[in-house]
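Bear in mind these aren't lab numbers, they're just calculated from the coordinates by the rules spelled out. Nothing here was measured: the structure is a model prediction, and the numbers come from that model. Every residue, glycine as well, gets a Cβ built from its backbone with ideal geometry; the counts of neighbours run over all protein chains shown.
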Amino acid sequence: MMMNRKLKAVLCLLLCAVCCVQMLAVVFASGSDETAPEETRYTNIDSCACVCYISGLTLYASADLHAKRTMSLSITCELQKLKSGDYETIKTWSASDYDMEISWSDSRLINLFATYRIKVTYTAGAESVTLYDYA
């Protein structure tokens, strides 16, 4: 008798868990089409990405640019620090090449009590895109 109650309780919990997962799947599936931004198509740029993160007292940053064909590529990265409500550039790096892809990465010691971001400008031929990533 006791085993029967425990089995019923476990089955009931499993059923509730499955229902919750199914409801979440429906919510996320229905909301994803409405909130997802339309993907921008570029003539020269195939893809670009940047990332920055803090580990210890060091901020690490990297950026990648992939073009649709071989051409002049450049990446300009600005490390920016939040001061009085505005971001101020404190360091600028750049890389360039004539190829289909280019990557850049670097690091810098930082103040852990400040807020940072990177501003990355990608250029492929005459086409430019700017992305931000926050540490």
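Structural remarks
- The gain in end-to-end length when the Thr115 to Leu57 segment is fully stretched comes to 19.6 nm, 0.36 nm per residue minus the alpha carbon separation.
- Modelled label positions at Glu127 and Asp46, each set 7 Å beyond Cα in the direction of Cβ, lie 1.2 nm from each other.
- What the Kirkwood sum gives for segment 45-134 is a hydrodynamic radius of 13.4 Å, with every pair of different alpha carbons counted.
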